[in-house]
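Working notes for the structure below.
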Amino acid sequence: MAAKVALLFLTFCVAFLATGSADPDLLQDVCVADFASGVKVNGFTCKENITADDFFFAGLAKPGLTNNTFGSLVTAANVQKIPGLNTLGVSMARIDYAPGGLNPPHTHPRATEMVFVLEGQLDVGFITTANVLIPKTIKAGEIFTFPKGLVHFQKNNGQVPAAVIAAFGSQLAGTQSIGATLFAAQPPVPDNVLTKAFQVGTKEVQKIKSRFAPKK
C-alpha cells in the first residue's frame, strides 16, 4: 500500500512541478546533457547519441548512510545524476534521517520542494520573509511543501530512522545551507561582518567557523 501511495505522489509531483517549473521550456523532445562539452549555456548542451540509461537512476532505492555530523543524508536525483532531465524542469531526492537527525536550515533558490514521508516522523517548517515560522509534524504517507527560495528544515525527533522522497520544480534546484554558507565560504566571510550580524564576539565566530572547517 505504501508503495502505491508513493507512486501516486511521484506521478502527481512530476506533473505539478513540471507545470510550475522555473526552468526554461524545452524546444525539442529531449536534450540529454552533454557533460563533456566545453560550451557554456544556461543548463547543458545536448549530446547527439542518447540511450535509455540517460533517463535512468537507481540511487534512491536504498537508504543513505546517516553516520555524519547532522545525522542525515540527501541523495540527489537531478540532472547531474540523470542527464536526460536536462530542460525537463524536474528532479527528485531521497533524504534519510537517523534518530535525532537534522537536515539543517537551507534554501533552494531555483525550486519549490515537496516531500513525501516514506517512514518515520519529522518536525518540519519554513520561514517566511516576514520571519514567521510555519511548522508541522508529518508522518509516513503525508506530504509537506516548502516554497521556492524560503529557508526550511526537517528534524527527526523520533527514536527510529525516517526517510522522505522529495520532488523539485527544477532540473537542478540548488541548495544553500545557511550555516555552511556563512561560516564555511571561501574566501571566508569577514569575522566583523558575522559578529555584527549575529551580535556575538570574534571568538564565537571563529569557533563556529572551526566546526564547519573541512576535517583533515
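The values are calculated or read from the model by the stated rules, or taken from the named source; none is laboratory data. In this text the structure is predicted, and so the values were computed from the model without any measurement. Positions of Cβ are backbone-derived with ideal geometry, glycine not excepted, and every protein chain shown enters the neighbour counts. Please note that ligands, DNA and RNA were not included when accessible areas were found on the heavy atoms of the full protein model with its side chains. Shrake-Rupley method; radii C 1.70, N 1.55, O 1.52, S 1.80 Å.
In the range 187-216, what count of residues is obtained for those that are farther than 18 Å from HIS106 by Cβ and part of a loop (DSSP other than H, G, I, E, B)?
Of the residues in the range 187-216, 10 are farther than 18 Å from HIS106 by Cβ and part of a loop (DSSP other than H, G, I, E, B).
I'm told ALA140 meets every condition in (1) surrounded by fewer than 19 Cβ atoms within 10 Å (Cβ to Cβ); (2) over 16 Å from the mean Cα position of the chain (by Cα); (3) more than 24 Å from VAL160 (Cβ to Cβ) except one. Can you identify the failing condition by its number?
Going through (1) surrounded by fewer than 19 Cβ atoms within 10 Å (Cβ to Cβ); (2) over 16 Å from the mean Cα position of the chain (by Cα); (3) more than 24 Å from VAL160 (Cβ to Cβ) one by one, ALA140 breaks only (3).
Among the residues of the range 143-163, which ones are assigned to a loop (DSSP other than H, G, I, E, B), open to solvent by 60 Å² or more (accessible area, probe 1.4 Å) and in contact with a strand residue (DSSP E or B) (Cβ under 7 Å, 6 or more places away or on another chain)?
ASN157, PRO161
List the pairs whose first member sits in the range 136-149 and is without any contact (Cβ under 8 Å) to a residue 60 or more places away in the chain, whose second member is surrounded by 17 or more Cβ atoms within 10 Å (Cβ to Cβ) and not in a strand (DSSP E or B), and whose Cβ atoms are under 8 Å apart, counting only residues at least 6 apart or on separate chains?
LYS139/GLY120; THR145/THR112; PHE146/HIS108; PHE146/THR112; PRO147/THR112; GLY149/HIS108
If PHE55 satisfies every condition in (1) surrounded by fewer than 16 Cβ atoms within 10 Å (Cβ to Cβ); (2) farther than 30 Å from ALA162 by Cα; (3) among the hydrophobic types (A, V, I, L, M, F, W, C) but one, which is the exception?
Only one criterion is unmet by PHE55, namely (2).
From the list MET92, MET114, which residue is of a type in the set (A, V, I, L, M), open to solvent by 40 Å² or more (accessible area, probe 1.4 Å) and modelled with pLDDT of 95 or more?
MET92
Tell me which residues, restricted to the range 125-151, are under 19 Å from PRO99 (Cα atoms) and in contact with a His (Cβ under 7 Å, 6 or more places away or on another chain).
Residue satisfying the conditions is GLY125 alone.
Filter the range 192-203 for residues that are over 14 Å from GLY179 (Cα atoms) and either acidic (Asp, Glu) or surrounded by fewer than 12 Cβ atoms within 10 Å (Cβ to Cβ) (or both) and give the result.
Answer for the range 192-203, where residues must be over 14 Å from GLY179 (Cα atoms) and either acidic (Asp, Glu) or surrounded by fewer than 12 Cβ atoms within 10 Å (Cβ to Cβ) (or both): ASN192, LYS196, GLN199, GLY201, THR202, LYS203.
Condition check ((1) open to solvent by 20 Å² or more (accessible area, probe 1.4 Å); (2) free of Cβ contacts under 8 Å to residues at least 60 places away in the same chain; (3) over 25 Å from GLN176 (Cα atoms)) across all residues:
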position	(1), (2), (3)
ASP34	yes, yes, yes
ASN42	yes, yes, no
GLU48	yes, yes, yes
ASN67	yes, yes, no
VAL79	no, no, no
ASN103	no, yes, no
HIS108	no, no, no
